[in-house]
Amino acid sequence: NAGVTQTPKFQVLKTGQSMTLQCAQDMNHEYMSWYRQDPGMGLRLIHYSVGAGITDQGEVPNGYNVSRSTTEDFPLRLLSAAPSQTSVYFCASGRSSNQPQHFGDGTRLSIL
Amino acid sequence: AQTVTQSQPEMSVQEAETVTLSCTYDTSESDYYLFWYKQPPSRQMILVIRQEAYKQQNATENRFSVNFQKAAKSFSLKISDSQLGDAAMYFCALRRGDSNYQLIWGAGTKLIIKP
């Protein structure tokens, strides 16, 4: 039972580069979300999805895009990386947002 | 606006003793959900306990229990018989009970267990 799988675990980018963080879950969860975690702060919601084809913005969506073409996958795209996006990124899924969330192992992203 | 505040950046406790982590929140809703999550050094986020606001009974999960004071908007986590494996960051989170799907998180409390 894989749960929530995030790839890659670590990534270094140069300013202006683009990349996609992958997230996949095998629990048939409808709700998926992306967070960033910065030192001294709690998790901040970037984008979330309540089902395939449905996405919405969270607290800090600027600079990030998402899509949800299938129930299993919820990729996060950085179109033009900026140093302010250096952070640890977590993907999570749950049957709904009021149910326990299952988290991936996180991606540590550094933007130079 | 909803907020979640964890006023203790760091707490320490002797192994086998009891420790309480505090969490206060602000919401105008009457129906909502509260969570405590644990993040050990491995970075994986793990659910500790969940409380539904409409339930008066405090949630418990083995050595973990909460003191939910709805009027005071307080949701503290008590860890009994602390173990070395309890060392981690602990995060409190709030989710409104309506169609708003967002979880709001506190800044976390680092728990240190002294052997």
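The values are calculated or read from the model by the stated rules, or taken from the named source; none is laboratory data. It should be emphasised that the depicted structure is a prediction, and the values quoted were computed from it without experimental measurement. Neighbour counts run over all protein chains shown; Cβ positions are idealised from the backbone, glycine included. Each accessible area value is taken on the protein alone, full model and side chains, heavy atoms only, with ligands, DNA and RNA left out. Shrake-Rupley method; radii C 1.70, N 1.55, O 1.52, S 1.80 Å.
Observations, loosely collected:
- Residue in the range B:53-68 that is closer than 23 Å to residue A:39 by Cα and either free of Cβ contacts under 8 Å to residues at least 40 places away in the same chain or among the hydrophobic types (A, V, I, L, M, F, W, C) (or both) present: no
- Within the range A:72-80, none of the residues are within 11 Å of chain B (Cβ to nearest Cβ) and free of Cβ contacts under 8 Å to residues at least 60 places away in the same chain.
- Number of residues in the range A:51-67 that are over 29 Å from residue B:7 (Cα atoms), assigned to a strand (DSSP E or B) and within 14 Å of the chain's Cα centre (by Cα): the value is 5.
- Any chance residue B:56 is out of contact with any strand residue (DSSP E or B) (no Cβ under 6 Å at 6 or more places or on another chain), assigned to a loop (DSSP other than H, G, I, E, B), more than 11 Å from chain A (Cβ to nearest Cβ) and open to solvent by 20 Å² or more (accessible area, probe 1.4 Å): yes
- Filter result for residue B:13 (more than 12 Å from the chain's Cα centre (by Cα), in a strand (DSSP E or B) and crowded, with 16+ Cβ neighbours inside 10 Å): yes
- If you go through the range A:71-95 and keep only what is open to solvent by less than 60 Å² (accessible area, probe 1.4 Å), polar (S, T, N, Q) and over 21 Å from residue B:39 (Cα atoms), you end up with A:71, A:85.
- Checking each residue in the range B:85-115 for being away from every other protein chain (no Cβ under 11 Å), closer than 17 Å to residue B:44 by Cβ and outside any strand (DSSP E or B) picks out B:85, B:86, B:87.
- Residue in the range A:22-45 that is farther than 14 Å from residue A:90 by Cα, open to solvent by less than 30 Å² (accessible area, probe 1.4 Å) and assigned to a loop (DSSP other than H, G, I, E, B) present: yes
- Test: residue in the range B:65-78 that is open to solvent by 30 Å² or more (accessible area, probe 1.4 Å) and within 11 Å of another protein chain (Cβ to nearest Cβ): no
- Taking every residue in the range A:4-20 that is under 15 Å from residue A:80 (Cα atoms) and pairing it with any residue that is of a type in the set (Gly, Ala, Ser) and open to solvent by 60 Å² or more (accessible area, probe 1.4 Å), at least 6 positions away or on another chain, the pairs with Cβ-Cβ distances below 6 Å are A:16/A:80.
- Restricting the first member to the range A:97-112 and to residues that are more than 9 Å from chain B (Cβ to nearest Cβ) and without any contact (Cβ under 8 Å) to a residue 60 or more places away in the chain, and the second to residues that are open to solvent by less than 30 Å² (accessible area, probe 1.4 Å) and in a loop (DSSP other than H, G, I, E, B), no beta-carbon pair is closer than 7 Å while six or more apart or on different chains.
- Scanning the range B:1-45 for residues that are without any contact (Cβ under 8 Å) to a residue 24 or more places away in the chain and either among the aromatic types (Phe, Trp, Tyr) or within 17 Å of residue A:37 (Cβ to Cβ) (or both) yields a total of 3.
- Filter result (in a loop (DSSP other than H, G, I, E, B), touching a Lys or Arg at 6+ places or on another chain (Cβ under 8 Å), within 12 Å of chain A (Cβ to nearest Cβ) and open to solvent by less than 40 Å² (accessible area, probe 1.4 Å)) within the range B:16-53: B:45, B:53
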